[in-house]
1. Stretched out fully, how many nm does the piece from Glu237 to Arg338 gain, at 0.36 nm a residue minus the Cα gap?
2. If you roll a 1.4 Å probe over region 247-367 with all protein chains in place, what percent of the accessible area is carbon or sulfur?
3. Ranked by accessible surface with a 1.4 Å probe, highest first, in what order do Leu222, Leu4, Leu105 come?
4. Return one whole number: the accessible area per residue of region 137-225 in Å², for a 1.4 Å probe.
5. Quick one: pull the percent of accessible area on region 186-226 belonging to carbon and sulfur, 1.4 Å probe, ligands and nucleic acids left out.
6. Using a 1.4 angstrom probe and counting only protein chains, how large is the accessible area of Glu237 in Å², to 10?
7. Keeping all protein chains in place and using 1.4 angstrom, which order do Met152, Met16, Met261 fall into by accessible surface area, from largest down?
8. So for Ser233, Ser337, what's the accessible-area order with a 1.4 Å probe, most first?
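The values are calculated or read from the model by the stated rules, or taken from the named source; none is laboratory data. Please read all numbers here as calculations on a predicted model, not as lab measurements. We work out accessible area using only protein heavy atoms, side chains counted, and drop any ligands, DNA or RNA first. Shrake-Rupley method; radii C 1.70, N 1.55, O 1.52, S 1.80 Å.
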Amino acid sequence: ANFLIGFHDHDAVVDMRPSKVARRYITTWFLLDFVLVFCDWVMTVLTEVGANHDAMGVLRAGRSSRMSRLLRLVRLVRVVKVANLTGSLCDSFRSEYSVVIAKILRLIGYIILVNHYLACMWYALARFNATDDVTWLGSTLFDEDGFGQYSMALHWSLTQFTPATQDISPRNLRERVFAICVVLFALITFSTFLSNITAAITTLIAMNTARVQEEASIRAFLSEKRVSVLLGSRIWEAFRRRRRSTRRRLRKSHVKFLEEMPLPLKRQLNVELYVPVLTTHPFFGEISTSSYDFFLPKLCDKAVRDHCYEPLDNIFMEGSPSKEAFVIIYGNVEYRSRVFTESEELSEEAWVSEAALWGSWTHRGRL
């Protein structure tokens, strides 16, 4: 959030008015961002002072160095914004599997991030020890470079969250108190992380449970009734084709929340879904470019709905009354009529039975 990014109001409409955006930002993230930027500037000034201090300012420079390390800890508050960022990223995914996988990766990333900061604090306790106490860095033969020492600290941090082995232990009172605090912290947080990961994996399994149960029922029926192999293969192929088509196409009426969300948002969704389809017809395309363009949103809201048909389904039969026109937005259909000697295949953006829009009509063929 900042002075240039809008927000969603109570009707889920993006509000970009500068006064509203500024007021919301000042009452939410402004104070936190101000503190973080202020700390960055203070650290920059302290760095310059430390680089240019004279012999009389050694003590002040040392104190400034310790203050800068404390200010760096304040910058960790920026991690709070990561949750909002990852949540927005998950909202952009269209597949439920992708959302669940992203949530699992996000939880693993949180665990690694938390252990990274704990490892840095564990390393700092030993590296910046102001007393003569023995530390975990000096208690054993650690001849590693900086990255090697960091990897050891990270290993120690990870072992506090999991039942793993490690050869590093606290060597003084400060390290032991810090280790106790980390264990208590891990006792609470890791169980939460673990339960969330387990719930996400359970969701993945539950998404396939209905399909597995239906396949088992079909298999048991075919075996019990001794259905022939040829007919059984055709049934299995029809089942798989239906499952693929059901997974790809989802009607708006299948999502309960879309029918219950605020009316302005529902109307905007209808316009985005149906106006591009209606304007493929020359009549509605002409209306969209005229002064009567306000008519299309009302038409989408009151008179347009979507249908999803399976392969080999009959949309209408010859002689049945026609009460609606059809426009194909996905796939192909076959039209048969006594008027034509051969069937006609219709593809996307093709209109069928437009006469029903203007008066009474009876279908002259089968679709």
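1. Separation in residues times 0.36 nm, less the Cα-Cα distance, equals 33.2 nm.
2. Carbon with sulfur: 53 percent of the solvent-accessible area.
3. Leu4, Leu105, Leu222
4. 66 Å²
5. Here carbon and sulfur together make up 63 percent of the probe-accessible area.
6. Approximately 80 Å² for this residue.
7. Met16, Met152, Met261
8. Ser233, Ser337
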